[in-house]
Amino acid sequence: MSNPLIIEAVPGTSYADITREFDAPVEALFRAHADPELFRQWIGPGEERTEITHWDFRTGGGYRFVQRDGNGEYAFRGVFHTIRENELIIQTFEYEGWPDQVSIDAIRFESLEGGRSRIADHSVFSSIEALEAMQSEGMERGMREGYEKLDELLAAES
């Protein structure tokens, strides 16, 4: 059984707190976010294929990736503001189909007992409407399915 994805978004606010546990050590979980080849394999819903077009994983670096499915292609980009290995990623996130709607994510990586780990992501959107639009367009499904793929990747890596 998969670990549950918890998204807490208080109506009328422009932020969401997202948590998810993983049956893998924090170092493996962080590496899956840092390594573009690993990241490409798990990010997004199950049916989408991801191509990394830019990846500069360092404080002050940036990224861009394109996802494709039977309905089209979707590009995302952002800046890595702060990277602390196995501990923290602060980054922006922008879906290019909704320009000027940028969120900032503080993603914390936490070690748990038994070689397990947790992601705790505080995601602040540019407006209440931007968060609501992201939720209505399938944010929960995309994250849940992506993390399920990440579970499989982490299990294969161990």
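The values are calculated or read from the model by the stated rules, or taken from the named source; none is laboratory data. Only a predicted model underlies this, so the values are computations on that prediction, with no experimental measurement involved. Neighbour counts run over all protein chains shown; Cβ positions are idealised from the backbone, glycine included.
Only one of E37, E47, E27 is closer than 26 Å to R68 by Cα, in a helix (DSSP H, G or I) and not hydroxyl-bearing (S, T, Y). Can you tell me which? Write out each step before concluding.
Values: E47 fails: in a helix (DSSP H, G or I); E27 fails: closer than 26 Å to R68 by Cα.
Step by step, each of E37, E47, E27 is checked, and only E37 is closer than 26 Å to R68 by Cα, in a helix (DSSP H, G or I) and not hydroxyl-bearing (S, T, Y).
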| Taking the stretch 6-22, which residues are in a loop (DSSP other than H, G, I, E, B) and either modelled with pLDDT of 95 or more or polar (S, T, N, Q) (or both)? | T13, S14
| query | Out of curiosity, is A156 at pLDDT below 95 and under 18 Å from A32 (Cα atoms)? | reply | yes
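Filtering the stretch 8-34 down to residues that are aliphatic (A, V, I, L, M) and over 16 Å from A156 (Cα atoms), which residue is farthest from the chain's Cα centre (by Cα)? Show your work before the answer.
Our first condition is that a residue be aliphatic (A, V, I, L, M); within the stretch 8-34, this holds for 9-10, 16, 18, 24, 26, 28-29, 32, 34.
Those still in the list that are over 16 Å from A156 (Cα atoms) too: 9-10, 16, 18, 34.
Working: A9: 16, V10: 20, A16: 13, I18: 10, A34: 11 Å.
Out of the qualifying residues, it is V10.
For the stretch 96-115, enumerate the residues that are assigned to a strand (DSSP E or B), within 14 Å of S126 (Cα to Cα) and touching a residue at least 24 places away in the same chain (Cβ under 8 Å).
Residues satisfying the conditions are V102, S103.
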| message | Could you go through the stretch 108-115 and let me know if any residue there is surrounded by 15 or more Cβ atoms within 10 Å (Cβ to Cβ), within 22 Å of A28 (Cα to Cα) and either at pLDDT below 95 or in contact with a Leu (Cβ under 9 Å, 6 or more places away or on another chain) (or both). | response | yes
| Among the candidates S127, S117, S111, S123, which residue alone is of a type in the set (G, A, S) and under 22 Å from G62 (Cα atoms)? | S123
| task | Can you tell me which residue among G97, G72, G44 is modelled with pLDDT under 95, within 12 Å of the chain's Cα centre (by Cα) and within 15 Å of G142 (Cβ to Cβ)? | result | G44
